[in-house]
Amino acid sequence: MSTQNKQDREAWLQGPTAQCQVVPEHGENPWRLVLLGAPGVGKGTQADLLHQRLGACHLSTGDVFRAAGSRPDCEQSPAMKEAAGYMRRGALVPDSTVWEMVRERKGCLHCGGGFILDGFPRTLGQAESLKKLMDSEGLSLTAVVNYDLPFGEIVARLGGRRTCEKCKAVYHVTERPPTVEGRCDRCEGKLFQRDDDRPESITVRLEAYDRSTAPLIEFYGKLGLLVSVAATGSPDEICAATLSSLESRHAERVPQAR
Ligand code: AMP
């Protein structure tokens with residue numbers, strides 16, 4: 001059965017007091033994935049496509065910070081206001097703030113449909129905290145997918161990226177344009193360019209990635225969870241490459257191509 005558009009991430013986006021209206025079917029063995037890769041490799045797009053194929057929820061920490069940042073000033077906690085400042089500059093939000101936010105949402109890690117973490121963990125400290133929490137909750141990751149892409153292509157992708165204001169779907173002005181310019185195909189929301197996709201923030205983000213996130217490749221490699229995928233080609237081709245890499249590890253779980 002297609003799980004397309006059945007994703008409801010209210011509990012993730014708004015926090016534990018919100019409830020998801022649509023809870024994915026409880027699989028026996030839900031996919032619990034982490035996506036790694038520099039900003040701009042297309043993790044968000046892949047998380048959406050993988051959600052459609054595997055049913056697991058797309059959980060992006062960047063989306064939580066953006067959702068918090070778009071609330072009225074008086075509703076924002078000091079920690080979220082501080083996070084918005086880091087985001088605008090393209091810098092990483094401090095581990096303590098990120099961890100507090102994820103820990104509050106630990107119920108989402110138990111979701112029957114599984115999850116696809118996008119943008120978290122981003123530092124060794126975050127990866128270690130996630131491992132400890134999952135161990136103590138009796139949960140384990142299925143795999144960690146690392147997307148590889150040359151630097152020049154990353155910059156071109158980030159500069160052309162546009163995001164839907166309402167449903168957060170991701171487009172690209174040339175690689176994945178919407179049918180109607182500036183409007184989301186799914187919900188007709190307005191598309192915008194994120195502050196941190198502007199040229200001055202891109203370099204800062206790529207430096208932060210090299211310094212803080214690249215070491216996670218070794219961390220998950222040592223745990224035997226790492227799957228590497230070249231992030232070249234169309235989004236569908238990259239998704240097919242991801243499914244085939246996952247299939248070679250978990251043959252019984254991957255749905256056949258439709
Ligand atoms: P993303 O949408 O994943 O590219 O995240 C956008 C921005 O949110 C990043 O540039 C950071 O400022 C912040 N952010 C998101 N996730 C994290 C994280 N796990 N650790 C630190 N900062 C984060």
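Every number in this text was worked out from the coordinates using simple rules, so none of it is lab data. Everything numeric here is computed off the predicted structure, so don't read it as measured data. Heads up, the Cβs are rebuilt from the backbone with ideal geometry, glycines too, and the neighbour counts pull from every protein chain shown.
List the GluC sites (Glu not before Pro) in the range 157-235 that DSSP assigns to loop (not H, G, I, E or B) and whose Cβ has at most 15 other Cβ atoms within 10 Å. Which are they? Spell out each step's value before the answer.
Working: sites: E165, E175, E181, E188, E200, E207, E218; in loops: E165, E175, E181, E188.
Of the GluC sites (Glu not before Pro), the ones in loops of the range 157-235 whose Cβ has at most 15 other Cβ atoms within 10 Å are E165, E175, E181, E188.
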Review point. Based on the inverse mean of 1/r over its pairs of different Cα atoms, what is the Kirkwood hydrodynamic radius of the range 150-197, in Å?
Key: 10.8
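Please rank M80, M87, fewest neighbouring Cβ atoms within 10 Å first, as an exposure proxy. Intermediate results must be reported in sequence, preceding the final value.
Working: M80 18, M87 21.
The most exposed by this proxy come first: M80, M87.
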**Study point:** Projected area averaged over orientations for the range 178-258, convex hull of C-alpha atoms, nm²
**Key:** 8.3
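What ranking do V23, V180, V98 get, fewest neighbouring Cβ atoms within 10 angstrom at the top?
Result, fewest neighbours first: V180, V23, V98.
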Check your understanding: Hey, if you put +1 on the Cβ of every Lys and Arg and -1 on every Asp and Glu Cβ in the chain, which of G182, G112, C57 ends up farthest toward the positive end of that dipole?
Key -> G182
Check your understanding: Kirkwood hydrodynamic radius of the chain from all distinct Cα pairs, in Å?
Key -> 18.6
